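> My questions all concern the structure below.
Any read-out appearing in this document is the output of simple, stated calculations on the displayed coordinates, not a laboratory observation. Quantities reported herein were computed from a predicted structural model and do not represent experimental measurements. Here Cβ is always computed from backbone atoms with ideal geometry, including for glycine, and neighbour counts include all displayed protein chains.
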Amino acid sequence: MPRLRPWADATAAEMAAGFAAAGARWRSVLAWDTGDLWPALERARTTGRLDGLVRRDASGAMSGWTYYVGRDGDLLCGALSAATPDDTAALVDAVLATPAAAAASRTVVFAFSDAPALDDVLRARSFVSDPYHYLVRSLPTGARRGNAGRAWDVRDLDATAELLRVCYGAHDPVRPFVPHGRPSEWRQYAGDLVMGQGCGRFRPTLSLAVPGEDGVLDAIALVTDLGEGTAHLAQLAVRPSVRGAGLGATLVTSVEAQCAAAGFARLSLLVSESNRGARRLYARAGFSERAHFTCAARPERRLTSPALATSQATGA
Ligand SMILES: CC(C)(COP(=O)(O)OP(=O)(O)OC[C@H]1O[C@@H](n2cnc3c(N)ncnc32)[C@H](O)[C@@H]1OP(=O)(O)O)[C@@H](O)C(=O)NCCC(=O)NCCS
């Protein structure tokens, strides 16, 4: 009989094989080197700092795994690997049955995953989906430096978080990060992006900031290095009051020129299905789709406050 166990019970060799298969997929499909990520995950697994599950087939061999983490009231599932649709469904159901899911106000799956039938499994369990397109554009060799903004500086961190808050709005039920749009969540998000490695290594000298009046930023383009010759446009944001004048497109052109001059072969980015304006901008700039990331969320039944209960009941 197939069975599910906490991933703490798996051997290091089993997990190493699972991580190596996932890493090979990221490299070949996305041209994204996640080599630093898997040892960090393994340390978090073996020290009990990160929960996960493994599924075994009838012979006892590992046929799938996933991990999940609580954050800002969400339960976030960050990867899911499975051999069959049954493995996918069993792992999703097991995550939803954890005490961590029962304590969360929302469960979110955000993962590059080719787990069989993942999107169908999530839909059947009332998840609302807004997939992210992974777009790539080859960069010309010998491009010249662009002309928008100035290099991003670490002193721009607070202004960047504030600009992202203004640009993305307060709350989005499917957004995989910053669930409530609080200023503290945006600061954490911006800090993770420039100091963490979840989305590649941040490259301040390839990133751009466009100062506005009174110390605010009007626009930013944040760039990371994914290895494998891939630069990644991790964020592009233009203040609503100066949109529609070509600043977003100019920032993309400038980032392309800088990344090409720095020796990168391609520029990639993630954009959600529902973000039609940004997708048009990227299509015109010559990006094309290479893969998609599953992004799906479902509110959990636990109501944390009368205000939330009211907003959930009214759909506000
Ligand atoms: C996406 C975003 C960065 C675009 O910024 P922008 O400065 O408005 O971009 P542009 O002006 O270059 O292009 C936007 C539109 O203005 C139009 N435009 C460009 N130059 C123009 C001009 N001189 N006059 C009028 N309109 C113009 C473009 O044709 C485009 O039209 P479209 O809506 O049909 O695509 C901005 O909307 C934003 O910050 N959104 C929220 C954050 C976000 O979603 N970021 C992307 C994450 S992947």
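> Given labels modelled 7 Å from the Cα in the Cβ direction, how far is it in nm from Arg150 to Thr11?
Going from the Arg150 label point to the Thr11 one covers 5.8 nm.
> Looking at Gly215, Gly169, Val128, which one has the Cα that reaches farthest to the positive end of the dipole of the stretch 92-242 (charges on Cβ: Lys, Arg +1; Asp, Glu -1)?
So the residue furthest toward the plus end is Gly215.
> Any idea what the dipole of the chain comes to, in debye rounded to 20, about its Cα centre with Lys/Arg Cβ at +1 and Asp/Glu Cβ at -1?
360 debye
> Which value in Å does the Kirkwood hydrodynamic radius of the stretch 136-292 take, with 1/r averaged over all unlike C-alpha pairs and then inverted?
15.8 Å
> A further question on this structure: In a Gaussian network model over the chain where Cα atoms closer than 10 Å are linked, find which of Ala245, Ala291, Ala79 has the largest mean-square fluctuation.
It is Ala245.
> Using Cα centres only, tell me the gap between the stretch 1-27 and the stretch 41-92 in whole Å.
Using only Cα atoms, the two centres lie 8 Å from each other.
> For a footprinting-style exposure proxy, rank Trp65, Trp26, Trp38 by other Cβ within 10 Å, fewest first.
Trp38, Trp26, Trp65
> Quick check on packing: order 205-216, 168-179 by the mean number of other C-beta atoms within 10 Å, highest mean leading.
Listed from highest to lowest mean packing, they are 168-179, 205-216.
> In addition: Would you mind ranking Glu289, Glu14 by Cβ crowding within 10 Å, fewest neighbours first?
Going from sparsest to densest Cβ surroundings: Glu289, Glu14.
> A follow-up question, please. Give me the distance in nm between label points sitting 7 Å out from Cα along the Cα-to-Cβ direction at Ala170 and Asn275, one decimal.
Those two pseudo-labels are separated by 2.2 nm.
> Please report Glu256, Glu162 as a ranked list, fewest other C-beta atoms within 10 angstrom at the top and most at the bottom.
Going from sparsest to densest Cβ surroundings: Glu162, Glu256.
> A further question follows. Based only on Cα atoms, what mean projected area does the convex hull of the stretch 3-125 have, in nm²?
7.5 nm²
> What percentages make up the Cα-Cα pair-distance distribution of the chain when the bins are 10 Å wide from 0?
For the chain, the pair-distance distribution reads 6, 25, 33, 24, 11, 2, 0.
> Right, another one. One quarter of the convex hull surface, Cα atoms only: what value does that give for the stretch 166-225 in nm²?
Average projection, Cα convex hull of the stretch 166-225: 4.6 nm².
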